[in-house]
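One structure below.
Nothing in this text is a laboratory measurement; each read-out follows from the coordinates by a stated rule. Owing to the predicted nature of the structure, the values given are computational and were not obtained by experimental measurement. A quick note on method: Cβ atoms are made from the backbone with ideal geometry, for glycine too, and the neighbour counts reach across all protein chains shown.
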Amino acid sequence: MIIVLRPDSTKQQIDHILDRIRDLGFKPHVSQGTVRTIIGVIGDENKLQAEPLSAIPGVEQVLAIQKPFKLASREFHPGDSVVVVGGRVRVGGGSLAMIAGPCAIESAEILDTIAGAVKAAGANILRGGAFKPRTSPYSFQGMGEEGLKILRDVGDKHGLPVVTEVMDPRQVAVVERYADMFQIGARNMQNFDLLKEVGQATKPVLLKRGMSATVKDLLMSAEYILAEGNHQVVLCERGVRSFEDSTRNMLDMSAVPNVKGQSHLPIIVDPSHATGRPDLIPAMARAAVAAGADGVHVEVHSCPEKALSDGPQALLPKQYAALMSDLRRLAEVMGKRM
Ligand code: PEP
Ligand code: MN
């Protein structure tokens, strides 16, 4: 249920409404728009409907949200949400996240080379996995905390906030210590305990779509994070499994406008994991920006043939730089900043 406040409602009235909601045993979520404030109240609608909330001064309307996701819905927050990463990089509301880096952190030297190159090309967030969700238990599993330290140092050196994957609720504290943004990978999109744990953290979350998840499933997973109080969520379309076997996954570009119609959350596209093919990544990255995505996430490696993870899909720094120069022109046409 959402409580729409009158444009002239006072702070005292808002505080009174929040107290009333807490007294009833619910947790209020406040969405501050430019014109008006909306309070989301999640819980047993029957219990709430019995309360004459619309009679409280300052309240304009009390509405039920029809969708199964509430805090993620456009009804709760009609404007586009902007997520701020590392205290300075804005994602959404016209600002594009240009996330780039290797699949895995392999050494300080390699990450430093890649970070310098992607920064020079215009990337604004550095990525790199320290905990890797590998299909085989015999494949490189990531450097763990040592990798997180390298990521932090290299990010700081190049002035780039950093994002890295967290796979388990027990890793949330250590990842939060080093990273500016959590990544929840496709394989963990419905790891509800993990979603609740990052929902209680204070850093933003990049939530990737599961490989067999619907757009509604993705928004329901975002809802888990929002319901815990962390409203800093960026969604990521990274392709879904299909019968097509010439690409790693099938990129569902319609998810971008589809999500935007239903939710205020920013959504970016990862053409690297979606296609698995460097020859297709640039076209899909351009299509993402043209479709209205709030950013692009690309894997880049200085020597893909030696990469310990996802080498075959990595762009070379020079390929990434060429792509970024196209994306800059496209962003201008779309009225976006990057
Ligand atoms: C990754 O970003 O390296 C990754 C494993 O992505 P996904 O979870 O989308 O497969
Ligand atoms: Mn990868």
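Sites count as exposed loop sites when they are chymotrypsin sites (Phe, Trp or Tyr not before Pro), lie in a DSSP loop, and have at most 12 other Cβ atoms within 10 angstrom; the longest stretch of the chain without one is 1-137. The charge dipole of the chain, taken about the Cα centre with unit charges on the Cβ atoms of Lys, Arg (+1) and Asp, Glu (-1), comes to about 460 debye, rounded to the nearest 20. Of the trypsin sites (Lys or Arg not before Pro) found in segment 225-257, those that fall in a DSSP loop while having at most 16 other beta-carbon atoms within 10 Å are ARG241. Listed by chain and number, the aspartates and glutamates whose alpha-carbon sits under 20 Å from that of LYS119, ignoring those within fewer than 8 places in the same chain, are GLU106, GLU109, ASP153, ASP156, ASP180, ASP270, ASP294, GLU299, ASP326, GLU332. Bridgeable aspartates and glutamates around LYS67 (alpha carbons under 14 Å apart, same-chain partners fewer than 8 residues away excluded): GLU45, GLU75, ASP217, GLU223.
Based on the Kirkwood approach, the hydrodynamic radius assigned to segment 136-288 is 16.2 Å, with every pair of different Cα atoms included. Site pair ARG22 and LYS149 shows an inter-label distance of 4.1 nm when each label is modelled 7 Å from Cα along Cα→Cβ. For segment 74-205, the percent of C-alpha pairs falling in each 5 Å distance bin, counted from 0 to the bin holding the largest distance, reads 2, 11, 20, 22, 21, 14, 7, 3, 1, 0.
For segment 110-176 and segment 181-242, what is the centre-to-centre distance using only Cα atoms, to the nearest Å? With segment 110-176 and segment 181-242 each reduced to a Cα centre, they are spaced 18 Å. Rounded to two decimals, the Cα-based Rg/Rh of segment 150-229, with Kirkwood Rh, is 1.00.
One quarter of the convex hull surface built on the alpha carbon atoms of the chain amounts to 17.3 nm², the projected area averaged over directions. By the equivalent-ellipsoid construction on the alpha carbon gyration tensor, segment 2-63 comes out with semi-axes of 18, 11, 11 Å, ordered largest to smallest.
Among the listed pairs LYS216/LYS260; LYS132/LYS208; LYS203/LYS336; LYS132/LYS306; LYS208/LYS260, which are separated by more than 19 Å between their Cα atoms?
In this structure, LYS203/LYS336 exceed 19 Å between Cα atoms.
Short-range pairs are left out: with C-alpha atoms under 8 Å and at least six residues apart, the relative contact order of the chain is 16 percent.
Dividing the Cα radius of gyration of segment 256-338 by its Kirkwood radius returns 1.01 for Rg/Rh. Result for the chain in a Gaussian network model with C-alpha springs under 10 Å: among GLU237, GLU51, GLU223, the largest mean-square fluctuation is at GLU51.
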